[in-house]
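Undergrad: Mind looking over this structure? Questions follow.
The values are calculated or read from the model by the stated rules, or taken from the named source; none is laboratory data. Bear in mind that the values here come from a model prediction, so they are computed numbers and not experimental data. Every residue, glycine among them, receives a Cβ derived from its backbone with ideal geometry; neighbour counts consider all protein chains shown. Just the protein is used for accessible areas: all its heavy atoms, side chains included, with ligands, DNA and RNA removed. Shrake-Rupley method; radii C 1.70, N 1.55, O 1.52, S 1.80 Å.
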Amino acid sequence: MATVNDFLKYLYEMAPQKYAMPDDNTGLLCGSGQIKVTRVMVSLDITCPVIDEAHDLGVQLIISHHPIFFSLNRVNDESPQGKAALHLLNRNMSAICMHTNLDAAPGGLNDLLARKIGLLEPFVSPDKYGVPQISENGYPHGLIRTGLIDTPTPLPEFARAVKAALGTVGLRYLDCGVPAARVAVSSGSGGSTFECAVAAGCDTFITGDVKYHMYVDARTRGINLIDATHFATENIVVDLLLNRLQCNFPQVEFFAARSHKDFTTFI
């Protein structure tokens, strides 16, 4: 029977820890690696409602994208992160979190996001100097992907297609009057990779959590921006993990968290 450590080993093979940002927190963050696993829940975040849902289903392990905590000095019920950790421990459940390593890894979240919005291969991930980052197997990795779409498209039309592809309830965009053709994507809060998109000669940049000053900068440079929300650009990771895990652990039953969703409202 598979253990939590077996899942951890596989997930680090899929998204090696070396791809994680230096200040990130990944791996087995709560619970025991020796627990035998028959049921697993996958979620973007680990919250108390997700833990309750998992417990009701008899789950031993929750796998998430976002870390349950980054820098937790004490485990008590005075913070949401502490409450969640206590919730897990009191139910003898474990939590594995795969964050920026899964964003960056070949075949990971950014590759999936690029495919979802229709970027054609090859996907290139330049560093801040515009140089592609190449992994040992010759495939690009990093926190950004760039590529061409099949047909240059006016931005309002392209933005509607992105909204539909990601299933987001709404998005914001800046239309600089140029069609979307060479596009960069960076999942979650990827504003720090904007200069990489510029260096790669992209006319359109898609991420989440776009700040006001990036709109001003992008307008000056004539680059379209699409803020497709942090949640929508990353929640697709749930299906990615479920598909991979089900293939490699066929004896285990898997669930996608239903209690965790985008709670924001667009008016």
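Undergrad: All other residues with a Cβ under 11 Å from the Cβ of ASN110 taken together, and with Lys, Arg as +1 and Asp, Glu as -1, what is their net charge?
TA: On the way: positive: ARG115, LYS116, ARG145; negative: ASP103, ASP111, GLU234.
Neighbourhood net charge equals 0.
Undergrad: Do me a favour and compute the ellipsoid semi-axes for the chain from its Cα gyration tensor, root of five times each eigenvalue, largest one first, whole Å.
TA: On the way: eigenvalues 230, 76, 55 Å².
Taking √(5λ) for each eigenvalue gives 34, 20, 17 Å, largest first.
Undergrad: What are the residues whose amide H is under 5 Å from the amide H of GLY190, where those residues sit 5 or more places off or on another chain and H is modelled from the backbone?
TA: Here GLY208 satisfy the definition.
Undergrad: Just to confirm, what accessible area per residue do you get for the chain at 1.4 Å probe, in whole Å²?
TA: Values: 12520 Å² over 267 residues.
Here the residues of the chain average 47 Å² of exposed surface.
Undergrad: Also: Which shape class, rounded, prolate or oblate, goes with region 1-107 when its Cα gyration tensor gives a ≥ b ≥ c as root eigenvalues, a/c under 1.5 marks rounded, and past that a/b bigger than b/c marks prolate? Numbers along the way, then the final one.
TA: Numbers: a/c = 1.87, a/b = 1.19, b/c = 1.57.
Note, shape of region 1-107 comes out oblate.
Undergrad: Round to a whole number: what % of the accessible area of the chain belongs to carbon and sulfur, probe 1.4 Å?
TA: On the way: 6540 of 12520 Å².
C and S atoms contribute 52 percent here.
Undergrad: Run the count for the chain, please: Lys pairs, Cα-Cα under 25 angstrom, 8 or more apart or on different chains.
TA: Taking the chain as the scope, the lysine pair count is 13.
Undergrad: Which loop-located trypsin sites (Lys or Arg not before Pro) does region 190-267 contain, where loop means any DSSP state but H, G, I, E or B and the Cβ has at most 15 other Cβ atoms within 10 Å? The partial results should precede the final answer.
TA: On the way: sites: LYS211, ARG219, ARG221, ARG244, ARG258, LYS261; in loops: LYS211, ARG258, LYS261.
Counting only loop positions with at most 15 other Cβ atoms within 10 Å, the trypsin sites (Lys or Arg not before Pro) in region 190-267 are LYS211, ARG258, LYS261.
Undergrad: What angle do you read, to the nearest 10 degrees and between 0 and 90, between the alpha-carbon axis of helix 237-248 and the longest principal axis of the chain?
TA: Long axis of 237-248 versus the principal axis of the chain: about 50 degrees.
Undergrad: Can you give me the angle between helix 4-14 and the longest principal axis of the chain, using Cα atoms only, in degrees from 0 to 90, rounded to the nearest 10?
TA: The angle comes out near 20 degrees.
Undergrad: So which trypsin sites (Lys or Arg not before Pro) in region 85-117 end up in coil per DSSP with only 16 or fewer other C-beta atoms within 10 Å?
TA: Numbers: sites: ARG91, ARG115, LYS116; in loops: ARG91.
Within region 85-117, the qualifying trypsin sites (Lys or Arg not before Pro) (loop, at most 16 other Cβ atoms within 10 Å) are ARG91.
Undergrad: Here's something else I'd like to know. I need to check one value: relative contact order of the chain, counting alpha carbon pairs closer than 8 Å and at least 6 residues apart, in percent.
TA: Details: 563 pairs, mean separation 51.9, N = 267.
For the chain, the relative contact order is 19 percent.
Undergrad: Which value in deg cm²/dmol, rounded to the nearest 500, describes the helix-derived mean residue ellipticity at 222 nm for the chain, given -39,500 (n - 2.57) per DSSP H run of n ≥ 4 and division by the residue count? Please report the intermediate quantities before stating the final value.
TA: Numbers: 10 runs with 89 residues, N = 267.
My calculation for the chain gives -9500 deg cm²/dmol from helical runs alone.
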